[in-house]
Amino acid sequence: MPKFDKIAVLNKMADAPMVPVFYHSVPIVACNVVKACYDGGVRVFEFTNRGDFAHEVFAEIMKFASRKCPDLAIGVGSVVDPATAALYIQSGACFVVGPLFNQDVAAVCNRRGVPYVPGCGTVSEVGASQEAGCDLCKIFPGDVLGTKFIKGILAPMPWSRLMVTGGVEPTEENLTAWFNSGVFCVGMGSKLFPKERVSVGDWQYITDKCRFSLNIISEIRK
């Protein structure tokens, strides 16, 4: 059962608006990354459903985080069908993210009071997602659509909460551009977790990058 409800998750995203996006097949590595992010101020973390037995790794992360990261809301990403969403919600996922919008996934998440953050690449997809009860939409791929797309949506639909994923980097220039365009939060993957750092267990690097990024975002939003 999810530890945090929809309102709590959205509030955490608002307070610390950077969501690390990560997958690893080895549970202990994934747990160490989660803890490193948490120590850096992260309070919302997305584990992507991308490998064989990923749900088993997720279950281990949830058990670990319940002890070591009590204020962390952990969700699942790369979900494209309702069965997968239900599987992860049963394992405690606090939110569900997808690369696309699926009405059936929305129904499963709404039934359990879990935020569904679908991937959208057009204004119509954002509108359809909102009609299905999605409080937050993922603009994906961000590096293709760009900051002007965010501004273009918010002009006629200023009530929209948008999270951009893809093309987000832990730099002042990049984060300033995205938040000045009006995003609610950002999802960040490989730039936070260089393979060479993960492979040698340099968890402090990840902690420092998370803290650096969140500090930049805090300054931008003042």
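Summing Lys, Arg as +1 and Asp, Glu as -1, what charge do residues with Cβ under 14 Å from the Cβ of E196 carry, E196 excluded?
Details: positive: K191, K195, R197, K209; negative: D202.
Taking every other residue near E196 into account, the sum is +3.
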Review point. H24: accessible area at probe 1.4 Å, nearest 10 Å²?
Key: 50 Å²
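Which entries in the list K35/K195; K63/K191; K6/K138; K148/K209 go over 20 Å, if you measure between the two C-alpha atoms of each?
Working: K35/K195 17 Å; K63/K191 26 Å; K6/K138 16 Å; K148/K209 26 Å.
Over 20 Å apart, Cα to Cα: K63/K191; K148/K209.
Please state the equivalent ellipsoid semi-axes for the chain: what are the square roots of 5 times the Cα gyration tensor eigenvalues, largest first, in whole Å? Don't jump to the answer; show the numbers that get you there.
Numbers: eigenvalues 119, 97, 42 Å².
Sorted largest first and rounded, they come to 24, 22, 15 Å.
Which of the peptides 161-171, 185-195, 146-156, 89-99 is most tightly packed, and how do the rest follow, going by the mean number of other Cβ atoms within 10 Å of each residue? All intermediate terms of the calculation are to be shown ahead of the outcome.
Details: 161-171: 21.2, 185-195: 19.2, 146-156: 15.2, 89-99: 23.4.
Packing proxy ranking, top to bottom: 89-99, 161-171, 185-195, 146-156.
The values are calculated or read from the model by the stated rules, or taken from the named source; none is laboratory data. Treat the numbers as computed from the prediction; the structure is a model and nothing was measured. In this analysis, Cβ positions are derived from the backbone assuming ideal geometry, glycine residues included, and neighbour counts consider all displayed protein chains. The protein model used for the area step is the full one, side chains on, heavy atoms only, and it has no ligands, DNA or RNA in it. Shrake-Rupley method; radii C 1.70, N 1.55, O 1.52, S 1.80 Å.
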